[in-house]
Amino acid sequence: MTQGQPPPRFWASVREALRGSHQDYTAIGIDRAIFLLAVPMVLEMAMESLFAVVDVFWVARLGANSVATIGLTESLLTLVVAIAMGLGLSTTAMVARRTGEKDPEGAAVAAVQAIALGVGISLVMGLPCLFLAPRLLSVMGATPAIVQVGSAYARIVLSASGVLVLLFLNNAIFRGVGDAAIAMRVLWLSNLINLVLDPCLIFGVGPFPRLGVTGAAVATTTGRSIGLLFQVFMLLRGSDRIRILRRQLRLEVSVMLRLIKVSVAGVVQFLIGQASWIVLVRIISVFGGAAIASYTIAIRIMIFVILPSWGLANAAATLVGQNLGAGEPDRAEQSVWRTGFYNMLFMGTVGVLCIIFAHPMIRVFTNDPAVVPLAVSALRILSFGNIGYAYGMVMLQAFNGAGDTRTPTVVNFFGYWVLEIPLAYALAIRAGFESRGAYLSILIAEMAIAAASMMLFRRGRWKSLRI
């Protein structure tokens, strides 16, 4: 072996993780369990983050109004994401707990209840947006020019939000049973389709129509829809970890009620966080289209670099759920602290790179002289908080993996609504820092959330929760 190269065992572990490991994560070494779960989960989140940057990369060529359309629509979509993530984390917790108890029947039944609940929520959210999308853009502060350009985009993305909910939800099931490789493949497939269709439909390449910013909505929705079909196929075909049988396709009221009980706090938890982003965008919109466009680009880059680290946080959640199910609470705690440390190393490195190379990163998306300096400033300010984000996301996901969705909800409420939003208004508008003030408020609030979550996690009350 050449000096400096990883040993063959490392690459063997990578291949095992990408194929889908058959290991019992409650019995093997903690570092190995983290690695086998985290590799596909990190790659899954990396693929999800591509959705956040590919559209903006191409749409930025159409002008600031088109970019602002994506920013405002995505801000509305954060409410959908909050519901999807809230339901998804409770699903992961319940499925992981049954898996740790060596109860595959219970895991499959929980999965069916989650999917049924997701379908109902999707219909309630998606149908009204067919008619209300332009009005929603206006409420978010869109100018008449942005509404004219972006109404069709918003209508497609928001009305098809159910696809996003079910995509999140099914991958939460795969993560819960420890089949992270399938969740990864779903996002790879969806992103490959989006990567190909985006420029074709935006600019009218070859036989495709030129749809402008609307083409980005069609491409993304098509990619996600095909990924959803692949998920359904895999759940029905089954693997050694989970398979949904025909006899399990029924409503189990007791399981559904337990799932809803855990999900309500989870949904509120993410609604608190995601709704705060809507208010932040509303504050930033006061300073014009360039401010919104710079926010959109900077946040997309941050999502791109942060989402892979959510893969590590999701690995921690799965390990907590499965180890608690197996009666190993101390092992669950050790898994979380180690995962947080690895995440800190990753996020710290990424943060330094973003601070140093912020200008060329922004230039990849736009050369607009009004947008570039604002976006560079935003990216640098936000990147200073990466180490805090790293520990905060792992700790909060660990609570969720244990089924304790209330603690993160309380932490998010105080962090975002008691601290971040008032501070953003004070710094951006009252103190005259404009959009930079909003970014400073994000940095301060996220660091406070990380500190609070670590202290609460150390108390260990989450170990005794039953779901």
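The values are calculated or read from the model by the stated rules, or taken from the named source; none is laboratory data. These figures come from a predicted structure and were not determined experimentally. Neighbour counts run over all protein chains shown; Cβ positions are idealised from the backbone, glycine included.
Among the residues in region 168-180, are any modelled with pLDDT of 90 or more, polar (S, T, N, Q) and assigned to a helix (DSSP H, G or I)?
yes
Is it the case that some residue within region 374-396 is of a type in the set (S, T, N, Q), touching a residue at least 60 places away in the same chain (Cβ under 8 Å) and surrounded by fewer than 23 Cβ atoms within 10 Å (Cβ to Cβ)?
Within region 374-396 (the criterion being of a type in the set (S, T, N, Q), touching a residue at least 60 places away in the same chain (Cβ under 8 Å) and surrounded by fewer than 23 Cβ atoms within 10 Å (Cβ to Cβ)), the answer is yes, since at least one residue qualifies.
Can you tell which of Ile244, Ile272, Ile260 is closer than 27 Å to Gly401 by Cβ, in contact with a Phe, Trp or Tyr (Cβ under 6 Å, 6 or more places away or on another chain) and among the β-branched types (Val, Ile, Thr)?
Answer to the selection: Ile272.
Evaluate the following for Val81: is it within 15 Å of the chain's Cα centre (by Cα), surrounded by fewer than 24 Cβ atoms within 10 Å (Cβ to Cβ) and part of a helix (DSSP H, G or I)?
So Val81 passes the test.
Quick check, is Leu259 at pLDDT 85 or above and assigned to a helix (DSSP H, G or I)?
yes
Considering each of Val165, Val147 in turn, give the residue that is modelled with pLDDT of 90 or more, in contact with a helix residue (DSSP H, G or I) (Cβ under 6 Å, 6 or more places away or on another chain) and either assigned to a helix (DSSP H, G or I) or buried (at least 20 other Cβ atoms within 10 Å of the Cβ) (or both).
After ruling out the rest, the residue left standing is Val165.
In the list Asn314, Asn343, which residue meets the criterion of being buried (at least 24 other Cβ atoms within 10 Å of the Cβ) and in contact with a Lys or Arg (Cβ under 7 Å, 6 or more places away or on another chain)?
Asn314
Here is a list of conditions, (1) crowded, with 24+ Cβ neighbours inside 10 Å; (2) assigned to a loop (DSSP other than H, G, I, E, B), and Phe399 meets all of them except one; can you say which number that is?
So the condition that Phe399 fails would be (2).
Counting only residues that are surrounded by 24 or more Cβ atoms within 10 Å (Cβ to Cβ) and of a type in the set (Ser, Thr, Tyr), which one in region 417-451 is farthest from Lys463 (Cα to Cα)?
Ser435
Looking only at region 88-132, which residues are among the hydrophobic types (A, V, I, L, M, F, W, C) and in a loop (DSSP other than H, G, I, E, B)?
Listed by number, the list is empty, since nothing qualifies.
Taking Gly20, is it in contact with a helix residue (DSSP H, G or I) (Cβ under 6 Å, 6 or more places away or on another chain) and not aliphatic (A, V, I, L, M)?
Spelling it out, Gly20 is indeed in contact with a helix residue (DSSP H, G or I) (Cβ under 6 Å, 6 or more places away or on another chain) and not aliphatic (A, V, I, L, M).
What residue, of Phe304, Phe270, Phe287, is among the aromatic types (Phe, Trp, Tyr), surrounded by fewer than 20 Cβ atoms within 10 Å (Cβ to Cβ) and out of contact with any His (no Cβ under 9 Å at 6 or more places or on another chain)?
Among Phe304, Phe270, Phe287, only Phe287 is among the aromatic types (Phe, Trp, Tyr), surrounded by fewer than 20 Cβ atoms within 10 Å (Cβ to Cβ) and out of contact with any His (no Cβ under 9 Å at 6 or more places or on another chain).
So if I check each of Val205, Val196, which one is aliphatic (A, V, I, L, M), surrounded by fewer than 23 Cβ atoms within 10 Å (Cβ to Cβ) and outside any helix (DSSP H, G or I)?
Just a single option satisfies the conditions, and that option is Val205.
Can you tell me how many residues in region 169-189 are more than 16 Å from Gly238 (Cβ to Cβ) and either of a type outside the set (A, V, I, L, M, F, W, C) or buried (at least 24 other Cβ atoms within 10 Å of the Cβ) (or both)?
Residues in region 169-189 being more than 16 Å from Gly238 (Cβ to Cβ) and either of a type outside the set (A, V, I, L, M, F, W, C) or buried (at least 24 other Cβ atoms within 10 Å of the Cβ) (or both): 7 in total.
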